[in-house]
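Input: a single structure, listed below in structure tokens.
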Amino acid sequence: MRKGFFTAALLLGATVLFIRFNYALRDHDAIIQLCDTCPPGFELTSDNECEPRNLYMMYSSLNDKGVGGLKTALPAVRAGFSPQQIDLGRYLFFDPVLSKDGTISCATCHDPDKGFSDGLAQSVGIDNYVLPRSAPSLWNVAYMQRFFWDGRATTLEEQMKGPLYDAHEMGNNPDSLLATLNGIEEYQKLFSIAFPERRGHEITLPEIYKAIAAFESSLISLNSRYDQYAHGYADALSPKEKEGLNVFRSFVARCAECHTPPLFTNQQIAVLGTPDPEGMPFDAGAQIPMNDSTFRGGFKVPSLRNIEKTAPYMHSGRFKDLRETVQFYTDGRGHAVPENEELIIHWHIWEPNLADHELDRLVDFLKTLTDETFKPKIPDQIPSDLNSKLAN
């Protein structure tokens, strides 16, 4: 009698555990479903690829349109990812499990609510290490040909290895990253969906890089009030903003010669002679990766898209706002270069002697480049978090 009682109790307990476990799995499965449609601004092809769609595709060439022309084409774009790869990249982007100690995600330094920057003059990495430069925005990186302030990477995949494996940024290494993600059941499931043609069951590094690149390539900002004006809606800008646009495009200010529309960067390296923060050593910039002294103090010309959201400005965040930044350009060629440095300042940098009201109008115009219409949704829950909850 007693033996039968214990047997029944064990069976009942096992049944309860089985039911709870299956409820957990069903809840787990139901929480994360990769999106099968493209983000806004993209069209799904019959090959299950997301291709960009925007009005700038109506224009044929960057040539013969004049500097800073309105109806000019965009550079070549990185596209062709599936909706599932883009969405998987979104989960990876916001997941701190990608860092060595699980404290830092890509979004830590590239916060969607801060223009995909972090609002800091110098970003902060693992163990609160203060990094030497600010975090560049990620808007429109699908059109970029150089990455990092010093332009040392030419693909998104090459770029992301920098922070992932830098000892002071996310502090991880390839073996540890693979072991971590392959140890999370939810990620195994999501990767198998995003990469249905894969061989084997293990998550690979190229799959991780491709998914993150897919998400980053979906961050498109091309519907600002400036864009509406450029496409023909004359009332999209106020009279003061149009005045600022004219200053921006003029051969006196020459802003558009480097910050060329519609991407608002010519993607080149330029030596401006911007000052480093007090107490910081001189930053040689692109001289180091390019091994070329003519690029000493040179940095990539950043896009001005959503520039209003990404203060402070320049590679070291030296200028706290846009007014202070435009003031730098009119204060004289090379005026902030340290005495012991002989830099080859870019020939576009000179002394425009803009009046205060012209600088104010420039700032007015720069704020018309704000467009966060397609800002992605931050995941309500991430796979590593689900994994830890299941383990508990």
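Here is how the numbers come out for the structure above:
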quantity: With every protein chain in place, segment 157-224: carbon and sulfur % of accessible area (1.4 Å); calculated: 51 percent
quantity: Cross-link pairs beyond the 21 Å C-alpha cut-off, checked among LYS240/LYS300; LYS71/LYS377; LYS114/LYS320; LYS189/LYS375; LYS210/LYS300; calculated: LYS240/LYS300; LYS71/LYS377; LYS189/LYS375; LYS210/LYS300
quantity: For GLN268, residues with placed amide H under 5 Å, excluding near neighbours; calculated: VAL301
quantity: Rh by Kirkwood over Cα pairs, then Stokes-Einstein D for segment 72-205 at 0.692 mPa s and 37 °C, µm²/s; calculated: 205 µm²/s
quantity: Helix 239-249 axis, angle to the chain major axis (alpha carbon atoms, nearest 10°); calculated: 80 degrees
quantity: Within the accessible area of segment 59-141 (1.4 Å probe), percent carbon and sulfur; calculated: 51 percent
quantity: Exposure of MET144 as accessible area (Å², to 10), given a probe of 1.4 Å and all protein chains; calculated: 30 Å²
quantity: Expected 222 nm ellipticity per residue - DSSP helices of 4 or more, -39500 (n - 2.57), all of the chain, to 500; calculated: -10500 deg cm²/dmol
quantity: Amide proton proximity set for ARG152, modelled H, under 5 Å, gap of 5+; calculated: PHE147
quantity: 5 Å binning of all Cα-Cα separations within segment 142-217, expressed as whole percents from 0 upward; calculated: 3, 14, 23, 23, 18, 11, 6, 1
quantity: HN-Hα J in Hz across segment 219-231 - Karplus 6.51, -1.76, 1.60, θ = phi - 60°, x for Gly and Pro; calculated: 7, 10, 10, 9, 10, 6, 5, 4, 4, 4, 5, 4, 7
quantity: Cα long-axis angle, helix 83-93 against the chain (0 to 90 degrees, to the nearest 10); calculated: 90 degrees
quantity: Normalised contact order of the chain, rounded percent, pairs of Cα under 8 Å and 6 or more residues apart; calculated: 19 percent
quantity: Amide H contacts under 5 Å for GLY317, placed H, 5+ residues apart; calculated: SER134
quantity: Pair-distance profile P(r), taking every C-alpha pair of segment 299-392, with 10 angstrom steps and integer %; calculated: 12, 32, 24, 13, 10, 7, 1
quantity: Kirkwood hydrodynamic radius over Cα pairs of the chain, then Stokes diffusion coefficient at 20 °C and 1.002 mPa s, in µm²/s; calculated: 92 µm²/s
quantity: Accessible carbon and sulfur surface of segment 287-337 relative to its total accessible area, %, 1.4 Å; calculated: 49 percent
quantity: Residue-normalised accessible area of the chain, given per residue in Å² at a 1.4 Å probe; calculated: 49 Å²
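The values are calculated or read from the model by the stated rules, or taken from the named source; none is laboratory data. Since this is a predicted model, take the numbers as computed values, not measurements. For the accessible areas, the whole protein counts, side chains as well, though only heavy atoms, and no ligand, DNA or RNA atoms are used. Shrake-Rupley method; radii C 1.70, N 1.55, O 1.52, S 1.80 Å.
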